[in-house]
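Please treat every number below as a calculation from the coordinates, not as lab data. Note that the structure is a prediction, hence the values are computed from the model and not measured. Neighbour counts run over all protein chains shown; Cβ positions are idealised from the backbone, glycine included.
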Amino acid sequence: KQEVTQIPAALSVPEGENLVLNCSFTDSAIYNLQWFRQDPGKGLTSLLLIQSSQREQTSGRLNASLDKSSGRSTLYIAASQPGDSATYLCAVELWGTALIFGKGTTLSVSS
Amino acid sequence: GAVVSQHPSRVICKSGTSVKIECRSLDFQATTMFWYRQFPKQSLMLMATSNEGSKATYEQGVEKDKFLINHASLTLSTLTVTSAHPEDSSFYICSARAGESYEQYFGPGTRLTVT
């Protein structure tokens, strides 16, 4: 059974700091991996989607990497801002299935 | 990207009543829709998978007679919570995709509170 783990569960950093969020999954036979942002009481915002054949994706200050063989992904956030404060969810998809989510990392960026 | 809507965004109902939540794909035909549930400070957990014109497939531990799912068209799936109880209070989110090789798009979620 696929399991997704995110470390750390919570993170507090001062504004401007670069940070890394970690995601690991137990079954390397994934179709893709996706990072989402969720603000309190809100739905999901898709940040980056990495296909299994890709190693990384970038969008603005965000960079996500994927190492399928080791079952790991990282989300790198450069020059963090208070507006980045949210919960970040990692999810994997096996072929033709629903997404399997981790429990998330709650990020707080202080000004 | 593609747009998925949910209605209502919030609903409060009394214990014992039924509530229907709609999930619509606005600009594409969704062959498959997924229903997730998220309890406070927890992650999203899949409840059921719904394919257009077929019966939904429920995850272990999800009561199919309590959570009725209908996917009668390629743009609409509904989740009905029957005889709701306070423990059903949760955030319900749907996602939809056009086919197996297509990205899933998420609705904005529905906050259900059962009093």
Inset, instruction - Treating cross-link reach as a plain straight distance, find the lysines whose alpha-carbon is under 25 Å from the alpha-carbon of residue B:55, omitting any fewer than eight places away in the same chain. - result: A:1, B:20, B:64, B:66
Inset, instruction - Using only the alpha carbons of chain A, determine the length spanned along each of the three principal axes and report them from longest to shortest in whole angstroms. - result: 41, 27, 20
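Taking beta carbons within 10 Å but only from partner chains, what does the mean come to for residues A:28-38? Kindly include the intermediate steps, with their values, before the conclusion.
On the way: counts 0, 0, 0, 2, 2, 0, 2, 0, 2, 0, 6.
Neighbouring Cβ atoms belonging to other protein chains average 1 per residue here.
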Legend entry - Lys/Arg +1, Asp/Glu -1 at C-beta; the protein assembly as shown dipole; positive extreme among B:15, A:40, B:107: B:15
Inset, instruction - For residue B:55 and residue B:9, calculate 0.36 nm times their separation in residues minus their Cα-Cα distance, and state this gained length in nm to one decimal. - result: 14.0 nm
Legend entry - Alpha carbon centroid spacing (whole Å) that separates the range B:1-51 from the range B:61-115: 3
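Taking the Cα centre of chain A as the origin, how large is its charge dipole in debye, to the nearest 20, when only Lys and Arg (+1) and Asp and Glu (-1) carry charge on their Cβ atoms? Mind dumping the intermediate values first?
On the way: 8 positive and 9 negative charges, 31 e Å.
Roughly 140 debye, rounded to the nearest 20.
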Legend entry - Partner aspartates and glutamates for residue A:68 [C-alpha distance under 13 Å; skip if fewer than 8 residues away on the same chain]: A:27, A:56, A:93
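How do the peptides A:99-108, B:5-14 rank, highest first, by the average count of neighbouring beta carbon atoms within 10 Å per residue?
Details: A:99-108: 20.6, B:5-14: 13.6.
Listed from highest to lowest mean packing, they are A:99-108, B:5-14.
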Inset, instruction - Would you mind checking the range A:85-111 for residues with the amide N under 20 Å from a putative spin-label position 7 Å along Cα→C-beta of residue A:1? - result: A:90-104
Inset, instruction - In Å and from the alpha-carbon atoms only, list the Rg and Dmax of chain B. - result: 13.2, 41
Inset, instruction - Check the straight Cα-Cα distances from residue B:41 and name the aspartates and glutamates below 17 Å, setting aside those fewer than 8 residues away within the same chain. - result: A:39, B:87, B:88
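Relative to the present Cα-Cα distance, how much length would full extension add between residue A:111 and residue A:27 at 0.36 nm per residue of separation? If you can, show how the numbers build up before the last one.
Working: separation 84, 0.36 × 84 = 30.24 nm, distance 3.88 nm.
Net length gain for the segment: 26.4 nm.
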Inset, instruction - Could you list which residues have their amide H under 5 Å from that of residue B:21, counting only those 5 or more apart in sequence or on another chain, with H placed in the peptide plane? - result: B:79, B:80, B:81
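Averaged across orientations, what area in nm² does the convex hull of the alpha carbons in the protein assembly as shown project?
On the way: hull surface 48.5 nm².
Reported value for the Cα convex hull: 12.1 nm².
Counting only other chains, and only Cβ atoms inside 10 Å, what mean value do you get across the residues of B:37-46?
Working: counts 0, 5, 0, 1, 5, 3, 12, 12, 3, 5.
Per residue, the number of nearby Cβ atoms from other chains is 5 on average.
Which whole number gives the average, over all residues in B:60-66, of C-beta atoms from other chains lying within 10 Å of the residue C-beta?
Numbers: counts 0, 0, 0, 0, 0, 0, 0.
Average neighbour count from other chains, rounded to a whole number: 0.
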Legend entry - Calculated from backbone phi, Karplus (6.51, -1.76, 1.60) coupling profile of the range B:78-89 in Hz, x at Gly/Pro: 10, 10, 10, 8, 8, 6, 5, 10, x, 6, 7, 4
Legend entry - Rounded to 5, the percent of DSSP beta bridges in the protein assembly as shown classed as antiparallel: 90
